[in-house]
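All of the numbers you see were taken from the coordinates with simple rules; none came from a lab. Model, not experiment: these values are computed from the prediction. FYI the Cβ positions are ideal-geometry reconstructions off the backbone, even for glycines, and counts take in every protein chain you see.
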Amino acid sequence: MPDRFKFKQVSFENFAFLGCTYAIIMIGFGLLFLLLELKGMTIIIDSTIVQYKSWNERLGTSLYLSAITLFSVGYGDVVPVGLGRLLVMVEALLGYTIPAAFVVRSFIEYEPRSRK
C-alpha cells in the first residue's frame, strides 16, 4: 500500500455527501420522468399497472424507475420508452461514475508533496 494512502480514512462526511448526491440525483430524475409523463409524453411503461389511478401512483413509479436505474440496471417491470431511454442512459452513467468519484474524493490527495 502506498505511503500516501496509509493514514487515509473514509469519513462520515464523505458517506453523507455520497448519500445526499444519490438522493438528489434519484429524486431529480424521478421528478423529471413524472413531469414529462404529466405533460402527455409516454416515458414509462409499467407492466404491473394497466392504467394509472392517481398522481401518487405516477410519482411512485417515476421514483422507482429512477432508483432502480441509478442503483442497478433495472428489473424490467418498468420500462422507459422514447426520450425516457436517453434519460435512463444518462442516469445509469451517473450511477456508475459516482462510486469512482467517491473513491477519488476519499483516498487520493491532490496536494503535491515537495520531496527534498
Contour minus Cα-Cα span, Glu57 to Ala100, at 0.36 nm per residue, comes to 12.1 nm
Within segment 31-52, the residues whose backbone N lies under 17 Å from a label point placed 7 Å from the Cα of Met89 along the Cα-to-Cβ direction are 43-44
What nm value, rounded to one decimal, do you get for the distance between Ile49 and Val79 when each label is placed 7 Å out toward the C-beta?
1.8 nm
